[in-house]
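S.K.: Just passing along the structure, written as structure tokens.
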């Protein structure tokens with residue numbers, strides 16, 4: 001496994017994120033040696049969603065107003081239905097996500113999280129995947145949608161659902177290890 005020592009990764013989430021889609025990538029990144037911060041709209045804790053109901057709470061390490069993409073090597077966006085729907089209405093969250101693309105840094109989004117990418121305007125011409133119910137939204141944002149467990153397009157890693165987490169996590173680690181992606185455009 002790649003050594004991500006000295007690499008910093010932000011996981012942007014709020015209440016209603018799919019628990020496994022935050023927990024598992026964070027675990028994989030920590031095991032690879034990265035430092036990982038859960039970044040959210042407010043300090044304190046955010047509550048996860050699991051099996052159709054509220055689940056565990058997770059400590060927020062930093063709030064959006066405390067961080068910048070300059071603090072991180074990559075960004076991970078967990079899904080769930082509530083989490084990306086709330087975040088896509090927050091201009092600070094959209095600006096934060098967009099800044100990773102402007103600076104050619106890896107971004108990973110799973111399940112419903114590509115809704116956030118549609119909001120940022122970065123999907124035009126990119127091959128991505130997502131949860132099947134938002135396929136039309138992603139295509140309407142200009143993406144080329146593929147039904148695959150993981151899709152990588154110039155440092156953008158996307159997956160469909162929690163079943164894809166092993167492949168998603170492996171690609172996140174690989175993309176962060178490889179570093180900047182000069183071919184990314186905004």
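The values are calculated or read from the model by the stated rules, or taken from the named source; none is laboratory data. Keep in mind that this is a model prediction, so the values were computed, not measured. Virtual Cβ from ideal backbone geometry, glycine too; neighbours counted across all protein chains shown.
S.K.: Out of the residues in the stretch 70-84 that are assigned to a helix (DSSP H, G or I) and either out of contact with any helix residue (DSSP H, G or I) (no Cβ under 7 Å at 6 or more places or on another chain) or in contact (Cβ under 8 Å) with a residue 40 or more places away in the chain (or both), state the one that is surrounded by the fewest Cβ atoms within 10 Å (Cβ to Cβ). Lay out the reasoning, then the answer.
M.R.: First pass over the stretch 70-84, keeping only residues assigned to a helix (DSSP H, G or I): 70-71, 82-84.
From what's left, either out of contact with any helix residue (DSSP H, G or I) (no Cβ under 7 Å at 6 or more places or on another chain) or in contact (Cβ under 8 Å) with a residue 40 or more places away in the chain (or both): 70-71, 82-83.
Working: 70: 8, 71: 12, 82: 17, 83: 29.
So the residue we want is 70.
S.K.: Mind listing whichever residues of the stretch 22-54 are more than 24 Å from residue 167 (Cα to Cα) and in contact with a strand residue (DSSP E or B) (Cβ under 9 Å, 6 or more places away or on another chain)? Steps first, answer last, please.
M.R.: Taking the stretch 22-54 and keeping what is more than 24 Å from residue 167 (Cα to Cα), we get 40-47, 53-54.
The answer is 40, 41, 42, 43, 44, 45, 46, 47, 54.
S.K.: Within the stretch 102-129, how many residues are surrounded by 21 or more Cβ atoms within 10 Å (Cβ to Cβ) and either on the phi > 0 side of the Ramachandran plot or over 17 Å from the mean Cα position of the chain (by Cα) (or both)?
M.R.: 1
S.K.: Being in contact (Cβ under 8 Å) with a residue 40 or more places away in the chain, part of a loop (DSSP other than H, G, I, E, B) and either within 30 Å of residue 5 (Cβ to Cβ) or touching a helix residue (DSSP H, G or I) at 6+ places or on another chain (Cβ under 9 Å) (or both) narrows it down to one residue among 173, 122, 157; which is it? Walk me through it before giving the result.
M.R.: Numbers: 173 fails: part of a loop (DSSP other than H, G, I, E, B); 157 fails: part of a loop (DSSP other than H, G, I, E, B).
Going through 173, 122, 157 in turn, just one is in contact (Cβ under 8 Å) with a residue 40 or more places away in the chain, part of a loop (DSSP other than H, G, I, E, B) and either within 30 Å of residue 5 (Cβ to Cβ) or touching a helix residue (DSSP H, G or I) at 6+ places or on another chain (Cβ under 9 Å) (or both): 122.
S.K.: Do we find that residue 48 is farther than 16 Å from residue 116 by Cα and in a helix (DSSP H, G or I) in this structure? Let's see the steps before the verdict.
M.R.: Numbers: farther than 16 Å from residue 116 by Cα: yes; in a helix (DSSP H, G or I): no.
Criteria not met by residue 48.
S.K.: Which of the following residues is at pLDDT 95 or above, over 15 Å from the mean Cα position of the chain (by Cα) and assigned to a helix (DSSP H, G or I): 95, 147, 137? Lay out the reasoning, then the answer.
M.R.: Values: 95 fails: over 15 Å from the mean Cα position of the chain (by Cα); 147 fails: assigned to a helix (DSSP H, G or I).
Of 95, 147, 137, the one residue that is at pLDDT 95 or above, over 15 Å from the mean Cα position of the chain (by Cα) and assigned to a helix (DSSP H, G or I) is 137.
S.K.: From the set of residues in the stretch 1-26 that are touching a residue at least 60 places away in the same chain (Cβ under 8 Å), over 17 Å from residue 81 (Cβ atoms) and not in a strand (DSSP E or B), which is nearest to the chain's Cα centre (by Cα)?
M.R.: Filtering the stretch 1-26 for residues that are touching a residue at least 60 places away in the same chain (Cβ under 8 Å), over 17 Å from residue 81 (Cβ atoms) and not in a strand (DSSP E or B), the one nearest to the chain's Cα centre (by Cα) comes out as 25.
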